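These notes are about the structure you will find just below.
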């Protein structure tokens, strides 16, 4: 049931995302081709799925969820393009294909990331949603993307490269770098369904645990999986002497922490009924992926 629903939502998200991207045959062709290379080259589409799943929980129409699902994926795609640049993580592989600065060039990659980011907010502004909802979406995504969210987390990550962080510092960094956009995905879907303050708070707790669980599992896979499985270069964290959950807690400790986060997600959804099944299934995917 979940796999069928996720397949349908992915297809819906892919189709709408395609309409949001410029035609690679139109000028400037190189920039447009790079944008498409970054945004349509596969991926789990976890963040769009979270938008649809949270909206499903609150009874939102799927057509209303298309714009926020695409917008959050555009922000995610831009972040990966810039994260892979030589001045950042300097990676040559992403989603099993050459990163944008390798496939094109560094200047084009910077511009493609910029264009994907701004396109995300244009998509939300142009959506047919009520004005108040569009403003709420724009505020949510902007905050999650900037210095108080993903970009701030990336800055903390750069500052910490080559030195060991405490568990508290590592957690705070990933709450911004990885978690902020995941929390925004859930919140935008819930806002589309008219969630009240109490429901938004419960779902934010779920999303916060999910964001950390996703990162803990990512850290484990960086050690256990190879580049073909990951779709990106394996072992980069250790090579760059970065703090990770396994480095601080050990592999057994990291797995135990992952189990605790899984329990927190389950507790946050308790009482929500069958409509929460897609969110619960995405929580399991985050915890179990790569097995």
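Which is buried (at least 21 other Cβ atoms within 10 Å of the Cβ) and either over 30 Å from residue 272 (Cα atoms) or in contact with a strand residue (DSSP E or B) (Cβ under 8 Å, 6 or more places away or on another chain) (or both), of 78, 52?
Criteria check complete, one pass: 78.
Out of the helices (runs of 4 or more DSSP H) lying entirely within region 77-177, which hold 2 or more residues that are within 18 Å of the chain's Cα centre (by Cα) and touching a residue at least 12 places away in the same chain (Cβ under 8 Å)?
106-125, 131-145, 150-160, 167-177
Checking residue 201 against (1) touching a helix residue (DSSP H, G or I) at 6+ places or on another chain (Cβ under 7 Å); (2) assigned to a helix (DSSP H, G or I); (3) modelled with pLDDT of 95 or more: exactly one of these is not met. Which one?
Status for residue 201: all satisfied but (1).
Only one of 234, 286, 238, 256 is farther than 30 Å from residue 195 by Cβ, assigned to a helix (DSSP H, G or I) and modelled with pLDDT under 95; which?
238
Give the residues of region 157-199 that are surrounded by fewer than 17 Cβ atoms within 10 Å (Cβ to Cβ) and closer than 21 Å to residue 140 by Cα, sorted by residue number.
Matches in region 157-199: 172, 194, 196, 197, 198, 199.
Residues being farther than 28 Å from residue 92 by Cα and part of a helix (DSSP H, G or I): count how many of those fall in region 51-72.
Result for region 51-72: 15.
Can we say residue 23 is in contact (Cβ under 8 Å) with a residue 60 or more places away in the chain and either on the phi > 0 side of the Ramachandran plot or not in a helix (DSSP H, G or I) (or both)?
no
The values are calculated or read from the model by the stated rules, or taken from the named source; none is laboratory data. This is a predicted model, so every value here is computed, not measured. All Cβ positions, even for glycine, are placed from backbone atoms using ideal geometry, and neighbour counts span all protein chains on display.
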